[in-house]
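Everything on this sheet refers to the single structure shown next.
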Amino acid sequence: MPISPTRVVASILTVLALVATLVVAATIPAQAKANAKDFNPGFLISDQEFFDGTALTSAEVDAFIKGMNKGCASGKTCIRNYKEDVTKKAATSKCKAIPAKKNQTAGQIIAAVGKACGINPKAILVILQKEQSLVTSTAPKERAFWYAMGAGCPDSTGCTTPYKGLYSQVYYGASLLKGYTIPGSTHYNRYAAGKTSNIQYHPSTSCGTKAVFVQNQATHALYVYTPYTPNKAALDNLYGKGNSCSAYGNRNFWRLYTDWWGATGSAG
């Protein structure tokens, strides 16, 4: 009996749907649960993990986003359906060149920048979440895309950066993180790897500091990017708020990365 074209098309669609499901399942790891006892302020993530710019493909990033973001509220644009034209970037000391492309998804933007700048797309996703909750938000404000990575948004002045929009923010943020690790750069010796630094608990200096031995370049870069370490109150309530002297940026980076991707690497 000949096979009808309708049955052939249906079979093909079934296979494609199965492949798509398997891609999503392979991309989204089994959810872990971070434990504050495992938090090491001097080792937020390994260099091997943090600087792996090809850890995820664009399809894998988009699949992860779709798995984490359940859809948009009416009239809203979410990261799962966000698209933007990517402008050409020339090669720099921090990042390789990026060609211009039209109508790029968030996954395509994140993967392209991660590969060019040598920053793990997983880490970029975590920063987007800790800064603006963009990965999971179903009703983000336009401002969340403008300042997606929190790059150029110091506590002292707020967000005054001209680098606005998802692509600009991901590129600027990734290039900053990579740039901090280049010997001779402006912030290379701030919270330097292999040295002990007094790191504030909070923007208010009255909250005090903690002496932290910064073990590697990735941890150094994260502290330059967000210059606070969590206090006891922030760690005692790992998934909530601490006290008036608690800051959460690096706690949340470590917690989210652990929850989404597992352990942040070995200090050894």
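The values are calculated or read from the model by the stated rules, or taken from the named source; none is laboratory data. Note that the structure is a prediction, hence the values are computed from the model and not measured. Neighbour counts run over all protein chains shown; Cβ positions are idealised from the backbone, glycine included. To get the accessible areas, we keep the full protein, side chains included, count just its heavy atoms, and leave off ligands, DNA and RNA. Shrake-Rupley method; radii C 1.70, N 1.55, O 1.52, S 1.80 Å.
Observations on the structure shown:
- Take the conditions (1) closer than 17 Å to Lys37 by Cβ; (2) open to solvent by less than 30 Å² (accessible area, probe 1.4 Å); Ala267 misses just one of them, which is (2).
Every residue, every condition in (1) in contact with a Ser or Thr (Cβ under 7 Å, 6 or more places away or on another chain); (2) modelled with pLDDT under 95, yes or no:
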| residue | (1), (2) |
| --- | --- |
| Asp155 | no, yes |
| Tyr171 | no, no |
| Leu177 | no, no |
| Gln200 | yes, no |
| Ala218 | yes, no |
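- Residue in the stretch 167-185 that is surrounded by 18 or more Cβ atoms within 10 Å (Cβ to Cβ) and among the charged types (D, E, K, R) present: yes
- Residue selection: Lys37 satisfies the criterion of being surrounded by fewer than 16 Cβ atoms within 10 Å (Cβ to Cβ) and free of Cβ contacts under 8 Å to residues at least 12 places away in the same chain.
- The stretch 190-209, residues that are part of a strand (DSSP E or B) and crowded, with 16+ Cβ neighbours inside 10 Å: Ser197, Ile199, Gln200
- All told, Lys102 falls short of being under 14 Å from the mean Cα position of the chain (by Cα) and open to solvent by 40 Å² or more (accessible area, probe 1.4 Å).
- Options Gly118, Gly114: the member that is surrounded by 14 or more Cβ atoms within 10 Å (Cβ to Cβ), more than 17 Å from Met68 (Cα to Cα) and under 11 Å from the mean Cα position of the chain (by Cα): Gly114
- Entry remark, the stretch 215-264: residues being open to solvent by less than 30 Å² (accessible area, probe 1.4 Å) and of a type in the set (D, E, K, R) number 2 in total.
- Meets criteria (part of a strand (DSSP E or B), touching a residue at least 40 places away in the same chain (Cβ under 8 Å) and not charged (D, E, K, R)) for Phe213: yes
- The residues in the stretch 148-182 that are charged (D, E, K, R) and either more than 26 Å from Ala193 (Cβ to Cβ) or part of a loop (DSSP other than H, G, I, E, B) (or both) can be counted, and the count is 2.
A quick yes/no check of all residues on (1) among the acidic types (Asp, Glu); (2) closer than 23 Å to Asn252 by Cβ; (3) at pLDDT 95 or above:
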| site | (1), (2), (3) |
| --- | --- |
| Pro41 | no, yes, yes |
| Ile45 | no, yes, yes |
| Gln48 | no, yes, yes |
| Asp52 | yes, yes, yes |
| Ala59 | no, no, yes |
| Ile65 | no, yes, yes |
| Cys72 | no, no, no |
| Ile79 | no, yes, yes |
| Lys83 | no, no, yes |
